[in-house]
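Encoded as structure tokens, the structure appears first; notes follow it.
The values are calculated or read from the model by the stated rules, or taken from the named source; none is laboratory data. Just so it is clear, the structure is predicted and the values come from calculations on it, not from any experiment. Here the Cβ is made from the backbone with ideal geometry for all residues, glycine too, and neighbour counts use every protein chain on show.
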Amino acid sequence: MQFIDLAAQQERIRPLIEERIKKVLAQGQYIMGPEVQELEKALAAYVGAKHALACASGTDALLLALLVEGIGPGDVVFTTPFTFIATAEVVSLLGATSIFVDIDPVTFNLDPVQLEQAVQALSGKNEHLYPLPKGAKAASVRARAVIPVDLFGLPADYDALEPVARKFGLRIIEDAAQSLGGESGGKKACAFGDIACTSFFPAKPLGCYGDGGMCFTDSDQAVEIMRSLRVHGQGSNKYDNVRIGINGRLDTLQAAILIAKLSIFEEEIELRQQVAARYTSALLESRVTPPRIPERYKSAWAQYSVLARDESHRSELQTKLKDVGIPTAIYYPKSLH
Ligand SMILES: *Cc1c(COP(=O)(O)O)cnc(C)c1O
């Protein structure tokens with residue numbers, strides 16, 4: 001079997017995908033064609049956000065979010081060390097400082113209690129728990145934002161994160177690269193925080209056939225600025241550039257493919273619930289710890305990750321599974337800190 005079987009999915013909707021691609025080829029609007037806006041509208045409605053802004057990757061989505069928040073040198077962004085490099089990479093790219101907050105051992109998502117301790121450490125409290133990175137002085141840094149990651153498709157604990165963020169004036173940027181289709185308390189992933197960012201990398205829950213991403217926000221002002229940042233800080237026309245931005249557009253062809261895939265997305269998410277439930281019930285009596293999904297949460301199951309007893313148990317499992325043709329991967333082999 002495949003780790004993620006994209007061919008089986010393609011087989012189900014091939015005529016729809018081909019029809020959508022043909023339409024783009026016939027029209028010839030490869031850059032910012034009507035499909036981009038069609039997808040933005042459809043996904044904003046799906047997640048329940050006021051605005052969606054398509055971009056070139058999940059990494060660019062995070063970059064646009066940090067740029068619109070004006071994050072830069074001297075700013076501290078709190079995040080989890082248990083994630084893909086892109087989450088913290090964009091913070092460093094902008095010259096800001098990441099402080100890694102430990103995770104909840106059950107959900108693997110950023111622990112809200114430890115977030116509070118980490119913010120307090122900036123003013124001298126709990127300094128031993130969260131020492132500042134080398135070279136940084138507490139007096140010269142400002143706590144600006146937190147990037148919780150919805151790891152493996154499970155939304156982070158926003159009910160507990162939001163009051164902490166409010167207390168310390170932190171902006172919340174939801175890294176929902178893995179969680180589109182997930183839910184918490186009846187609210188869809190990508191609808192949390194001030195800005196949410198997702199990825200359409202092929203292996204993500206909703207993937208295109210290349211790179212792609214999207215930002216979600218309820219703020220009219222933020223989406224307007226991100227729209228400008230997405231295209232070289234564009235002003236009133238192509239050669240009016242009012243801020244420093246990036247070339248971060250989503251290709252029309254990728255938007256067209258995503259629109260086709262969206263037609264079966266909700267069903268796929270439901271089928272993943274059934275598969276995951278079957279795995280979990282079969283694993284309850286085993287030596288591995290299956291993923292635990294808290295009440296009122298739904299995972300998009302970007303990965304189904306089990307916890308092994310230790311490294312040798314893990315290698316033994318990987319070998320056994322490999323022998324019977326079942327691929328596995330370690331998520332993640334190295335923590336970001
Ligand atoms: C995949 C991923 C990203 C980056 O998305 P790209 O589309 O590959 O740039 C960011 N954060 C997390 C948690 C991811 O899993």
Margin query: I'd like to know if the stretch 125-144 contains one or more residues that are buried (at least 23 other Cβ atoms within 10 Å of the Cβ), among the aliphatic types (A, V, I, L, M) and under 22 Å from the mean Cα position of the chain (by Cα).
Written below: no
Note to self: Going by what's in this entry, would residue 160 be described as at pLDDT 95 or above and part of a loop (DSSP other than H, G, I, E, B)?
What the structure shows: no
Notebook entry, point to check: Right, residue 36: surrounded by 15 or more Cβ atoms within 10 Å (Cβ to Cβ) and in contact with a helix residue (DSSP H, G or I) (Cβ under 9 Å, 6 or more places away or on another chain) or not?
Noted result: yes
Check: Any idea which of 199, 228 is touching a Gly at 6+ places or on another chain (Cβ under 8 Å), within 20 Å of residue 39 (Cα to Cα), modelled with pLDDT of 95 or more and within 12 Å of the ligand (Cβ to nearest atom)?
Finding: 199
Item checked: Which numbered condition residue 91 misses (of (1) buried (at least 22 other Cβ atoms within 10 Å of the Cβ); (2) modelled with pLDDT under 95) -> (2)
Item checked: Selected residue [among the aliphatic types (A, V, I, L, M), within 20 Å of the chain's Cα centre (by Cα) and more than 12 Å from the ligand (Cβ to nearest atom)] from 113, 101, 149, 90 -> 101
Check: In the stretch 176-207, which residues are of a type in the set (A, V, I, L, M, F, W, C) and touching a Pro at 6+ places or on another chain (Cβ under 7 Å)?
Finding: 180, 189, 192
Check: Mind checking which residues of the stretch 295-337 are in contact with a Pro (Cβ under 8 Å, 6 or more places away or on another chain), part of a loop (DSSP other than H, G, I, E, B) and under 26 Å from residue 191 (Cβ atoms)?
Finding: 299, 300, 301, 302, 304, 305, 336
Note to self: Out of 233, 207, I need the residue that is within 10 Å of the ligand (Cβ to nearest atom) and surrounded by fewer than 24 Cβ atoms within 10 Å (Cβ to Cβ). Which one?
What the structure shows: 207
Notebook entry, point to check: Are there any pairs with C-beta distances below 7 angstrom linking a residue in the stretch 1-25 that is in contact (Cβ under 8 Å) with a residue 24 or more places away in the chain to a residue that is in a loop (DSSP other than H, G, I, E, B) and small (Gly, Ala, Ser), with the two at least 6 apart or on different chains, and if so which?
Noted result: 1/325; 3/329; 4/203; 13/263; 16/263; 24/33
Next item on the list: Determine, yes or no, whether residue 166 is touching a residue at least 60 places away in the same chain (Cβ under 8 Å) and either within 16 Å of the ligand (Cβ to nearest atom) or closer than 28 Å to residue 298 by Cα (or both).
Entry: no
Notebook entry, point to check: more than 14 Å from the ligand (Cβ to nearest atom), at pLDDT below 95 and not charged (D, E, K, R): does that describe residue 139?
Noted result: yes
Margin query: Tell me yes or no: at least one residue of the stretch 31-42 is more than 16 Å from the ligand (Cβ to nearest atom), touching a strand residue (DSSP E or B) at 6+ places or on another chain (Cβ under 6 Å) and among the charged types (D, E, K, R).
Written below: yes
